[in-house]
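One structure is given below, encoded as structure tokens.
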Amino acid sequence: MTSSAEAQNSDRTARVADEDPGPPPEPRLPEGAAGGLWGGGMPRWLPRAMVLALVLVGLFQLADWAFHQLIDLFVMLLVAFFLSLALEPAVDRMAARGVRRGIGTFLVFVAVGIAVIGFLAALGTLLVDQVAKIAGDLPHLVDNLINWVNRTFHQDLSLGELQKKLLKDSGAIESYAQQAADNVWGLSSTVIGGLFQAFTVGLFTFYFTAEGPRVRRTVCSMLPPAKQGEVLRAWEIALAKTGGYLYSRALLAVVSAIGHWVMFELLDLPYAAALAVWVGVMSQFVPTIGTYLAGALPVLVALTVQPVDALWVLIFVVVYQQVENYLLHPRITARTVDVHPAVAFGAVIAGAALLGAVGALIAIPAAATLQGFVGTYVRRYEVATDPRIDRGEQRRARRELRREAARRLRRMVGGDGR
């Protein structure tokens with residue numbers, strides 16, 4: 001009995017031991033990894049990752065350096081591209097009549113160059129003459145200024161005292177003259193650099209204009225056939241909008257120059273034609289502040305002749321600007337492209353912030369092109385009449401209806417009285 005009980009107990013104990021395996025064994029680290037995170041070695045991928053990271057950082061730094069070194073070239077290419085968009089329609093018309101594109105581009109360049117040189121020559125003549133006139137009248141102007149200061153502020157100044165003070169400060173004047181002479185080399189290098197940039201822009205503009213079809217074919221050859229049509233369509237939109245905007249500006253400039261020339265001739269202002277060209281070009285091609293710059297010079301010139309003439313010039317400039325804004329500008333730009341004044345102002349600010357003066361000059365053509373893209377590719381839907389959108393429009397419509405009803409009633413009463 002006792003032996004059988006002991007045997008049963010031993011069998012039960014063996015079964016429990018088989019069913020309960022006990023605590024899990026501790027994980028064993030790989031060989032050579034017991035001395036730390038990586039032990040005596042490191043993963044094989046880590047050196048390659050470090051080298052790849054260093055290479056990527058080096059490439060980024062190289063690309064950033066190259067971009068900053070070539071940013072002037074990119075800006076010149078952008079300006080040349082927009083100029084070619086403006087000139088290509090004229091070259092296309094000449095090519096359609098059998099003129100080779102190279103010769104047509106050269107003729108357009110010659111015409112534009114003659115216009116620019118004539119504009120600068122007229123302004124140069126005006127500037128030199130006015131400076132010479134001011135220099136000749138300077139003693140008389142200084143006497144008048146001294147007399148006015150003495151009368152207004154109860155002083156006792158004289159021309160001799162001013163000359164003594166100037167001679168006393170001659171050392172400062174000599175230092176300023178020496179500093180200006182030292183800056184002559186910097187000014188010369190700036191002029192040479194500007195001429196080189198103008199030559200570069202002209203060269204790229206000539207290439208983009210004369211080789212327009214080849215450039216488009218080269219760009220499309222790098223794209224799949226499904227995308228080539230979209231690229232050409234976008235290119236045509238940019239060509240039409242940019243060229244149309246610049247041509248409308250040129251036409252408005254011609255009309256403005258003719259109108260102001262007639263007015264300046266009636267007032268017998270000196271260099272009336274040069275002043276009229278100045279007003280036409282500055283008011284149309286200099287964004288935002290061009291109108292004020294355009295009117296300031298004729299007013300100043302008229303002040304040297306008769307102060308009342310300056311008043312007449314100012315009145316005419318203001319009146320003509322209103323006529324242009326509400327009559328000429330809508331009719332001319334309706335056939336090309338019309339940019340909202342708020343959009344144009346914002347584009348000029350953005351362009352100046354990004355690229356400075358160059359960005360301000362090309363901002364409005366770029367905005368016109370972007371507006372063409374939006375009008376072509378963005379689908380628009382009709383919006384139902386809703387007072388939350390047209391606030392005040394319903395009230396204005398009701399007022400117009402009441403006014404129309406009152407006019408009809410007056411006509412009926414007048415007809416019955418007769």
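The values are calculated or read from the model by the stated rules, or taken from the named source; none is laboratory data. All of these numbers come straight from a predicted model, not from anything done at the bench. All Cβ positions, even for glycine, are placed from backbone atoms using ideal geometry, and neighbour counts span all protein chains on display. Accessible surface is based on the protein model in full, side chains and every heavy atom, while ligands, DNA and RNA are left aside. Shrake-Rupley method; radii C 1.70, N 1.55, O 1.52, S 1.80 Å.
Structural remarks
- Leu275 vs. criteria open to solvent by 80 Å² or more (accessible area, probe 1.4 Å) and under 18 Å from Leu127 (Cα atoms): no
- The set of residues in segment 389-408 being modelled with pLDDT of 75 or more and either part of a loop (DSSP other than H, G, I, E, B) or of a type in the set (Gly, Ala, Ser) (or both) consists of Ala405, Ala406.
- Pair list, Cβ under 8 Å, 6 or more apart: segment 80-106 residue touching a residue at least 24 places away in the same chain (Cβ under 8 Å), other residue outside any helix (DSSP H, G or I): Arg101/Glu211
- Failed item in (1) part of a helix (DSSP H, G or I); (2) modelled with pLDDT under 85, with Ile103 passing the rest: (2)
- Restricting segment 259-284 to residues that are touching a residue at least 60 places away in the same chain (Cβ under 8 Å) and part of a helix (DSSP H, G or I), the residue that is nearest to the chain's Cα centre (by Cα): Val281
- Selection count, segment 201-213, where residues are open to solvent by 20 Å² or more (accessible area, probe 1.4 Å) and under 14 Å from Leu83 (Cα atoms): 8
- Where a residue in segment 221-239 is free of Cβ contacts under 8 Å to residues at least 60 places away in the same chain and under 26 Å from Val91 (Cα atoms) and its partner, wherever it lies, is open to solvent by less than 70 Å² (accessible area, probe 1.4 Å) and in a helix (DSSP H, G or I), with Cβ under 7 Å and at least six apart: Gln228/Cys220; Val231/Val219; Val231/Cys220; Leu232/Arg216; Leu232/Cys220; Trp235/Arg216
- Residue in segment 251-258 that is β-branched (Val, Ile, Thr), open to solvent by 70 Å² or more (accessible area, probe 1.4 Å), assigned to a helix (DSSP H, G or I) and closer than 21 Å to Leu328 by Cβ present: yes
- Odd one out for Pro139, checked against (1) at pLDDT 75 or above; (2) in a helix (DSSP H, G or I); (3) surrounded by fewer than 17 Cβ atoms within 10 Å (Cβ to Cβ): (1)
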